[in-house]
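Some notes on the structure that comes next.
Every read-out reported here was derived from the displayed coordinates using simple, explicitly stated rules and does not represent laboratory data. As the structure is a prediction and not an experimental result, all values here were calculated from the model. We place every Cβ from the backbone using ideal geometry, glycine too, and count neighbours over all the protein chains shown.
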Amino acid sequence: MGQEISTPNETRNEESKGSYKKNLKGSNAKGDQKENNLQMSKKIAQNSFNSSKLRPGMFIQNSNVVFNEQYKGIKILGKGSFGEVILSRDKHTGHEYAIKVISKKHVKRKTDKQSLLREVELLKMLDHINIMKLYEFFEDNNYYYLVSDVYSGGELFDEIISRKRFYEVDAARIIKQVLSGITYMHKNNVVHRDLKPENILLETKNKEDMIIKIIDFGLSTHFEYSKKMKDKIGTAYYIAPDVLHGTYDEKCDIWSCGVILYILLSGCPPFNGSNEYDILKKVETGKYTFDLPQFKKISDKAKDLIRKMLMYTSAVRISARDALEHEWIRLMTSKDNVSIDIPSLELSITNIRQFQSTQKLAQAALLYMGSKLTTIDETKELTKIFKRMDKNGDGQLDRNELIIGYKELLKLKGEDTSDLDNAAIEYEVDQILSSIDLDQNGYIEYSEFLTVSIDRKLLLSTERLEKAFKLFDKDGSGKISANELAQLFGLSDVGPECWKTVLKEVDQNNDGEIDFKEFRDMLVKMCNY
C-alpha cells in the first residue's frame, strides 16, 4: 500500500490545527497559573488572618455611640480644667462606668488633641491589673468621651492625708503594685512621666486587699531605649532632676516612685518648699534626708530601696524590674497569698482546660466580652487567682509561673498531683498557653486570663451577647458582613475572599453574612456551654 501524500493546503490546515491546540494548551497553562496564584494569595491571606494577634485594644475605636442613647448620667464624680468625670450607667447592660467628658473648646490646639489621642492609643495597648482599663472612646460635635471603670476607693493622695503615714507592710503592698504597672509599661516601651498619688486610684474601699490603678496617661509617651527624652513635663514634687535638665529616660518614673514611697512612709515629701520654684530648686540638688522622727522606726531595707530609686544619675538608678524584686518588697509581701474561693477556683480551672478554639472570630468575640463586658465585682475572685499565679508580680504569666501556679491551684482544688510527673504538667500547661495566648506574645495577659476562666453562664448572657454583636455589626443592619470584619480586625493584606471564608465557618444559612443566632451559636459551641 502506497503512502498517502498531503497537499500543501492540507498540510497548512494540519499545522494550523496543531498550532491552535498548542496555543489552547498554553492558554490553559496560563489559566492554571492564574488560578494557582489566586489560591496562593487566598492561603497567604487566610494565614495572615489566622495568625493575627488579638488584644483588647482592638475593640476601642472612635465609634458612633451617642452618649444619651447608650448611657444615663447619674452624678458628677469630679471636675478638671478640661472637663468632668460622670458616673454613668449603660442602658443595655446596667453596668456603671466613669466617663471622662472633655470639652472640645479646651482641645483646640493641635498639641492638645494629639496628647488626648496618644493617651487613648496607649491605653488601648496596655493590659495590666494595676493600669486603668479603657472600655470605649467616642466623640460628638462638642465633646470627647473616655469610658473606664469606676474606682470607688478614691485617690491615694486622699488616703495619705487620712492616714498621715503608712505601716511598712501597707506601703510595700502599694508600691509593689505601682512598680508592677511600671515594669509592664517600660517593657512595652511606655513611660508615664507624671506618677503621683493623685494619679493612683484605689479600686474599691476595701482596705484589707487594696488594689491600685495607675491613671492619667496624658503626658505619657512611647520611648526608645537608645534615645533620650527632652520634654520638661511632670509635677513639681515628683519630677526627676534629669527631666529638669532636659535629657532623661524611662527611669524618671522610678524617681517618682521613690518620692511616693518616701511620702507613704513619712507623710511628707523629700523635696519641699513654699512654692513651686523652691521645690524645683530642691529637686535639682537631689538632696533629701532620713533625719526625721518618722524614719526612726523605718527599716534600713526600706530606706535602701528609696535611696536606689532616688539615685541622682539615671544610669545608676534602679530599674522597675529590679525594684520590684528588691529584698524589702519581697520580705513585706511574702505573706500576701490571699484566700481563694474554692468553687470559683474549680470553675476557672475547668474553663481553662476546656478552652480550645482556633476560630479567630469566636476568639475575638469572647475576648471582647471577657475584657470589656465584665465588672470588677464579677472578676474579683479571678483577680485573686491571677495574682496568686503571678509570682514575680509583673502582671503577666509566663510559662514557668503557669507551671508552678497550675500545680498550686490543682492542690488547692483538692486534686492529687503526686501521680503527675513534671512532663505531664508541662505538656498540659503548653497546651493551655498555646490556646489562650491570644496576642501570641508568649505570656498570658490579665484580660486573656479573665476571658478564658470566667463563668460561661455569666459571660454568655443575652445582654452581653447583644452588645458584643453590635460591636461587629457596625452599620446596625442586624448582620455582620465581610466588610465589617475587615474594619474590626484592621488587616489590610486580607482580601474579600478570605473574609468570605471566615464567614462561611459560622454562616449556617449561607447568605454570606452572620446574624445574631449564628453569632450566639458560634460562641456557645466554642465554650461547650
### Message
Just to verify a number: FRET efficiency for residue 291 and residue 165, C-beta to C-beta distance, R0 = 22 Å, to 0.05?
### Response
0.85
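Quote the charge dipole size of the chain about the Cα centre in Debye, to the nearest 20; the model charges only the Cβ of Lys and Arg (+1) and of Asp and Glu (-1). Spell out each step's value before the answer.
Working: 79 positive and 81 negative charges, 311 e Å.
Taking the Cα centre of the chain as origin, the dipole is about 1500 debye.
Kirkwood-based Rg over Rh for segment 335-419 (C-alpha set), two decimals?
Answer for segment 335-419: 0.98.
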### Query
Working out 0.36 nm times the residue gap between residue 89 and residue 441, then minus their Cα-Cα distance, what length gain in nm do you get to one decimal?
123.3 nm
### Query
To the nearest whole percent, what portion of all C-alpha pairs in segment 118-231 is separated by more than 18 angstrom?
54 percent
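Please give the length that would be gained between residue 225 and residue 322 if that part of the chain were fully extended, namely 0.36 nm times their separation in residues minus their C-alpha to C-alpha distance (nm, one decimal).
This chain segment gains 33.2 nm when fully extended.
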### Query
Which entry in [x] 53, 28, 26; [y] 40, 25, 20; [z] 127, 42, 15 matches semi-axes √(5λ) of the Cα gyration tensor in Å derived from the coordinates of this structure?
[x]
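Report the relative contact order of the chain, percent, no decimals, based on alpha-carbon pairs under 8 angstrom and at least 6 residues apart.
Here the relative contact order equals 14 percent.
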### Query
Which of 450, 472, 440 sits farthest toward the positive end of the charge dipole of segment 423-472, with +1 on the Cβ of Lys and Arg and -1 on the Cβ of Asp and Glu?
472
### Message
Please list, short to long, the whole-number percent of alpha-carbon pairs of segment 393-529 in consecutive 5 angstrom bins beginning at zero.
### Response
2, 8, 14, 15, 16, 15, 11, 8, 7, 3, 1, 0
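Only loop residues by DSSP count here, and only those with at most 14 other Cβ atoms within 10 Å; note down the chymotrypsin sites (Phe, Trp or Tyr not before Pro) in segment 145-197 that meet that. Mind showing how you got there, number by number?
Values: sites: 145, 151, 157, 166, 167, 184; in loops: 151, 166, 167.
In loop regions of segment 145-197 (DSSP not H, G, I, E or B), the sparsely surrounded chymotrypsin sites (Phe, Trp or Tyr not before Pro) are 167.
When averaged across all projection directions, what area in nm² does the alpha-carbon convex hull of segment 156-332 cover? Mind dumping the intermediate values first?
Working: hull surface 38.7 nm².
Taking a quarter of the hull surface, the average projection is 9.7 nm².
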### Summary
Rounded to the nearest whole number, the Stokes-Einstein translational diffusion coefficient of segment 59-148 at 4 °C and 1.567 mPa s (Kirkwood radius, C-alpha pairs) in µm²/s is 95 µm²/s
### Task
Could you tell me which of 122, 106, 134 has its Cα farthest along the dipole of segment 96-135 towards the positive end, charges placed at Cβ (Lys, Arg +1; Asp, Glu -1), taken about the Cα centre?
106
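Looking at the square roots a ≥ b ≥ c of the eigenvalues of the Cα gyration tensor of segment 129-185, which shape do they give, rounded for a/c under 1.5, prolate if a/b is larger than b/c, or oblate? It would help to have the intermediate numbers written out before the result.
Working: a/c = 3.87, a/b = 1.90, b/c = 2.03.
Verdict is oblate for segment 129-185.
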### Query
How many nm separate the modelled label positions at residue 278 and residue 342, each set 7 Å beyond the Cα in the direction of the Cβ?
6.1 nm
### Message
Straight-line reach only, C-alpha to C-alpha below 18 angstrom: list the lysines that residue 457 could link to, leaving out same-chain residues fewer than 8 apart.
### Response
372, 380, 467, 517, 525
